[in-house]
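Q: Sharing a structure, written as structure tokens. Questions coming.
The values are calculated or read from the model by the stated rules, or taken from the named source; none is laboratory data. Since this is a predicted model, take the numbers as computed values, not measurements. Methodologically, a virtual Cβ is constructed for each residue, glycine included, from the backbone with ideal geometry; neighbour enumeration extends over all protein chains shown.
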Amino acid sequence: MDVIREFDPWDGELCTCPDKYSLNPYTGCDHRCIYCYATYIPNFFQPRRKKELVKRVKKDLEKIPHGSLISISNSSDPYLKMDKKYEDTRQCLKVLIDKGVKILMVTKGVHIKRDIDLLKKADVAVTVSLCTLKKDLKKKLEPNAPSPEKRLETVEFLVEENIPVGVRFDPIFPGSTENEIPEMVEKISETGVEHVISSTFKPRRDIWKNLGLAFPDLAEDLEELYFKKGEKIDNSYYLPREKRASILKKVARECEKHGIFFSTCREGLPELTTSDSCDGSHLIGQ
Ligand code: SF4
């Protein structure tokens, strides 16, 4: 396999995802999220195209079983700025639809709307990621990503077009975006989505440095919680289990209040999940 790979989140012991493949139409991403877990890829914030992408996707598709699930994308955003010009994601979608695979889109990009004609023909679900509603926080956390308002509008648009949609409210920063949980879930519920996926911030050491540069006071407040009281799992630093559970239970409660199904992502708390999949793939075909 070349550009379509088996989904393997660093062999994560806490991953509860169904078997799926991953396709990143681009290498790297220009949203520049300070918490990005994919920055181990060299020159990550200088996204580039993949040579002969469509040809390579077609070749890989010959090797995977009919009806497989392909996630687009996990280590970049399929709707980054350069995609407006090159439309590589659109070209991939066409090929995947022809092959009849199931597609799970994961994005913060709002020009997914451009591809609505294809999404309507596909066996697809879309998850749109959001981590804050606050403009000042967003500017520091996800400098080049579309605004939260535009992302919520996009979710609403997709729901109105009858595309199955979930929202990834993640990562949640303790003592910061944690305080937005009720408002965030309310805003999400107003769009009409039926599924929310959440997780807490789980930094590697290099990502922790980014947090310290952007939010020195927050990093100081959280240092002990992550590095003395927390746990290290799969190369990432986790909050103590009870703290993770208390944050995610708040999201789960708000979701229940609004009649939204809920799941967690790599938290070791499967008991909080009320949906049939953790990643939103169960929405495909609904
Ligand atoms: S959108 Fe995703 S892949 Fe892109 S920088 Fe942000 S976290 Fe990383």
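Q: With the structure loaded, tell me whether LYS150 is in a helix (DSSP H, G or I), without any contact (Cβ under 8 Å) to a residue 12 or more places away in the chain and either within 16 Å of the ligand (Cβ to nearest atom) or in contact with a Gly (Cβ under 8 Å, 6 or more places away or on another chain) (or both) or whether it fails that test.
A: No, not satisfied.
Q: Would you mind stating whether THR16 is away from the ligand (no atom under 16 Å from the Cβ), of a type in the set (S, T, N, Q) and within 27 Å of VAL101 (Cα to Cα)?
A: yes
Q: Can you spot a residue in region 258-269 that is closer than 26 Å to SER189 by Cβ and surrounded by fewer than 18 Cβ atoms within 10 Å (Cβ to Cβ)?
A: Yes, region 258-269 has at least one match.
Q: Which residue is farthest from VAL126 (Cα to Cα), if the candidates are limited to region 55-76 and must be touching a residue at least 60 places away in the same chain (Cβ under 8 Å) and out of contact with any Asp or Glu (no Cβ under 8 Å at 6 or more places or on another chain)?
A: Among those that are touching a residue at least 60 places away in the same chain (Cβ under 8 Å) and out of contact with any Asp or Glu (no Cβ under 8 Å at 6 or more places or on another chain), it is LYS63.
Q: Please go through region 65-80 and give me each residue that is modelled with pLDDT of 95 or more and more than 9 Å from the ligand (Cβ to nearest atom), ordered by number.
A: SER68, LEU69, ILE70, SER71, ILE72, PRO78, TYR79
Q: Report, by residue number, each residue of region 135-172 that is crowded, with 22+ Cβ neighbours inside 10 Å and aromatic (Phe, Trp, Tyr).
A: Once the filter is applied, which keeps residues that are crowded, with 22+ Cβ neighbours inside 10 Å and aromatic (Phe, Trp, Tyr), region 135-172 yields only PHE169.
Q: Considering region 124-145 alone, what residues qualify as being in contact with a helix residue (DSSP H, G or I) (Cβ under 8 Å, 6 or more places away or on another chain), within 16 Å of the ligand (Cβ to nearest atom) and assigned to a strand (DSSP E or B)?
A: Selection gives VAL126, VAL128, SER129, LEU130.
Q: Sticking with this structure for a sec: Does region 36-55 include one or more residues that are in contact with a Phe, Trp or Tyr (Cβ under 9 Å, 6 or more places away or on another chain), in a loop (DSSP other than H, G, I, E, B), modelled with pLDDT of 95 or more and within 14 Å of the ligand (Cβ to nearest atom)?
A: There is at least one residue in region 36-55 that is in contact with a Phe, Trp or Tyr (Cβ under 9 Å, 6 or more places away or on another chain), in a loop (DSSP other than H, G, I, E, B), modelled with pLDDT of 95 or more and within 14 Å of the ligand (Cβ to nearest atom).
Q: If you don't mind, another one. Go through region 94-123 and give me each residue that's within 16 Å of the ligand (Cβ to nearest atom), farther than 20 Å from SER189 by Cα and among the β-branched types (Val, Ile, Thr).
A: ILE112
Q: Which of (1) in contact (Cβ under 8 Å) with a residue 40 or more places away in the chain; (2) of a type outside the set (A, V, I, L, M, F, W, C); (3) closer than 23 Å to PHE169 by Cβ; (4) touching a helix residue (DSSP H, G or I) at 6+ places or on another chain (Cβ under 7 Å) is the odd one out, the single condition ASP88 does not satisfy?
A: Failed condition: (3).
Q: ILE233: modelled with pLDDT of 95 or more and within 20 Å of the chain's Cα centre (by Cα), yes or no?
A: In short, no.
Q: Could you grab the pairs with beta carbons closer than 9 Å, sequence gap of 6+ or different chains, first residue in region 103-116 and in contact (Cβ under 8 Å) with a residue 60 or more places away in the chain and of a type in the set (Val, Ile, Thr), second one in a helix (DSSP H, G or I) and away from the ligand (no atom under 13 Å from the Cβ)?
A: As it stands, the answer is ILE103/LEU93; ILE103/LEU96; ILE103/ILE97; ILE103/LEU119, since those pairs meet every condition given.
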